[in-house]
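Undergrad: Have a look at the structure that comes next, please.
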Amino acid sequence: MPEVYNNGIWRRGAKLDSGKLVPIDLQSLGSIQKPKIKLQYFGETLDDNETKDLTAKLENIFSFGQDLTELYKFMEQNKKIADLKNRFVGLKAVGFGVTIFECIIKAIIQQQISIKVAYSITNKMVTRFAEKMQVDKTIYYDFPTPEKFTEITQEEVRNCGVSWRKAKTIKEIAQQVVNKQFDVEGLVSVSNEQATKTLKQFHGVGTWTAEMVLFAGLKRSTAIPAGDLGVRRTVSKFYSKGKLLSEAQVRKIAENWGEFTNDIVYYISCIERT
């Protein structure tokens with residue numbers, strides 16, 4: 001995806017801003033109350049700037065530095081979400097990828113299909129087009145770069161299992177990134193409204209995709225992909241005894257969560273995975 005989790009070890013390759021591809025192993029050695037993560041990387045020695053870059057990229061995925069104290073104080077005030085807190089205590093929202101570009105492409109892939117199918121498609125793209133490095137018998141993949149997507153044909157993208165429309169959108173976004181017409185990583189410094197407006201300028205990117213990028217890529221605290229069927233379904237279990245709520249109704253409920261919306265939605269979504 002290109003992430004692989006096996007036998008307690010999370011691994012993938014990450015391309016640093018310096019151009020180095022770094023194979024990474026992460027392993028949890030701590031407890032919920034005293035978390036401890038072992039990081040092992042392979043290849044060339046990293047300088048201080050590269051170490052900071054790698055740390056930032058991993059932080060963007062795992063939110064290691066997040067303090068859950070205020071979130072839990074808020075959740076404890078409401079019995080419905082207090083039960084969630086007790087069930088998943090210690091959990092932090094996980095991001096879509098190492099770069100915002102990766103998050104956008106994954107969101108496009110996931111449009112209107114199951115997660116299982118989306119993972120299969122992403123796996124094909126990664127193994128066919130991404131840079132990789134082998135350490136002993138283990139292969140570490142990065143996610144395909146914008147440059148790589150501009151080099152391959154729309155048909156090659158399509159052959160991974162996406163529709164022609166999705167393939168065209170992926171190619172268009174990659175081309176604009178390469179041509180410096182779209183500062184994709186610059187989305188981190190603009191408002192939710194501006195990020196949404198920028199993303200929806202691309203044909204094939206609608207509200208759902210933009211909100212998934214805000215939610216799982218940019219990790220905006222008030223973001224909620226309210227139109228997502230999985231989110232609607234799980235929120236409905238809590239607030240309407242399973243009767244499917246509309247997108248508007250889900251947004252109305254989320255207004256009460258304020259700055260904790262992203263985390264609460266993530267907790268709720270995890271019910272679908274456990």
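The values are calculated or read from the model by the stated rules, or taken from the named source; none is laboratory data. Values in this document were obtained by computation on a predicted structure and should not be read as measured data. Every residue, glycine among them, receives a Cβ derived from its backbone with ideal geometry; neighbour counts consider all protein chains shown.
Undergrad: Starting from the range 67-80, keep only residues that are among the basic types (Lys, Arg), then list their pairs with residues that are in a helix (DSSP H, G or I) whose Cβ atoms are within a distance under 8 Å, requiring at least 6 positions of separation or different chains.
TA: LYS80/PHE238; LYS80/TYR239
Undergrad: Scan the range 137-151 for residues that are surrounded by fewer than 17 Cβ atoms within 10 Å (Cβ to Cβ) and either assigned to a helix (DSSP H, G or I) or in contact with a helix residue (DSSP H, G or I) (Cβ under 6 Å, 6 or more places away or on another chain) (or both) and jot them down. Steps first, answer last, please.
TA: If we filter the range 137-151 for residues that are surrounded by fewer than 17 Cβ atoms within 10 Å (Cβ to Cβ), which is where we start, we get 137-139, 147, 150-151.
Of everything in the range 137-151, those that are surrounded by fewer than 17 Cβ atoms within 10 Å (Cβ to Cβ) and either assigned to a helix (DSSP H, G or I) or in contact with a helix residue (DSSP H, G or I) (Cβ under 6 Å, 6 or more places away or on another chain) (or both) turn out to be GLU147, THR150, GLU151.
Undergrad: Does GLN134 meet the test of being part of a loop (DSSP other than H, G, I, E, B) and either of a type outside the set (A, V, I, L, M) or crowded, with 21+ Cβ neighbours inside 10 Å (or both)?
TA: On the way: part of a loop (DSSP other than H, G, I, E, B): no; either of a type outside the set (A, V, I, L, M) or crowded, with 21+ Cβ neighbours inside 10 Å (or both): yes.
Criteria not met by GLN134.
Undergrad: Give just the number: which of (1) loosely packed, with under 14 Cβ neighbours inside 10 Å; (2) in contact (Cβ under 8 Å) with a residue 40 or more places away in the chain does ARG165 not satisfy?
TA: Here ARG165 meets the rest and fails (2).
Undergrad: Here are some residues: VAL22, VAL4, VAL89. Which one is without any contact (Cβ under 8 Å) to a residue 60 or more places away in the chain and buried (at least 17 other Cβ atoms within 10 Å of the Cβ)? Show your work before the answer.
TA: Numbers: VAL4 fails: buried (at least 17 other Cβ atoms within 10 Å of the Cβ); VAL89 fails: buried (at least 17 other Cβ atoms within 10 Å of the Cβ).
Exactly one of VAL22, VAL4, VAL89 is without any contact (Cβ under 8 Å) to a residue 60 or more places away in the chain and buried (at least 17 other Cβ atoms within 10 Å of the Cβ), namely VAL22.
Undergrad: Could you list, in sequence order, all residues of the range 40-60 that are in contact (Cβ under 8 Å) with a residue 24 or more places away in the chain, under 15 Å from TRP10 (Cβ atoms) and part of a helix (DSSP H, G or I)?
TA: Selection gives LEU54, LYS57, LEU58, ASN60.
Undergrad: Taking the range 219-269 only, how many residues are more than 25 Å from GLU70 (Cβ to Cβ), modelled with pLDDT of 90 or more and in a loop (DSSP other than H, G, I, E, B)?
TA: So the count comes out to 7.
Undergrad: Okay, next question. Kindly evaluate GLU272 against the criterion of being at pLDDT 90 or above and either among the charged types (D, E, K, R) or more than 21 Å from the chain's Cα centre (by Cα) (or both).
TA: Values: at pLDDT 90 or above: no; either among the charged types (D, E, K, R) or more than 21 Å from the chain's Cα centre (by Cα) (or both): yes.
Spelling it out, it is not the case that GLU272 is at pLDDT 90 or above and either among the charged types (D, E, K, R) or more than 21 Å from the chain's Cα centre (by Cα) (or both).
Undergrad: Sticking with this one: Quick one: in the range 103-117, of everything that is farther than 13 Å from CYS160 by Cβ and under 11 Å from the mean Cα position of the chain (by Cα), which residue is surrounded by the most Cβ atoms within 10 Å (Cβ to Cβ)?
TA: Start the filter on the range 103-117 by keeping residues that are farther than 13 Å from CYS160 by Cβ, which leaves 103-104, 107, 110-112, 114-116.
So of that shortlist, the ones also under 11 Å from the mean Cα position of the chain (by Cα) come out as 103-104, 107.
Details: CYS103: 26, ILE104: 28, ALA107: 25.
Only one residue fits best here, namely ILE104.
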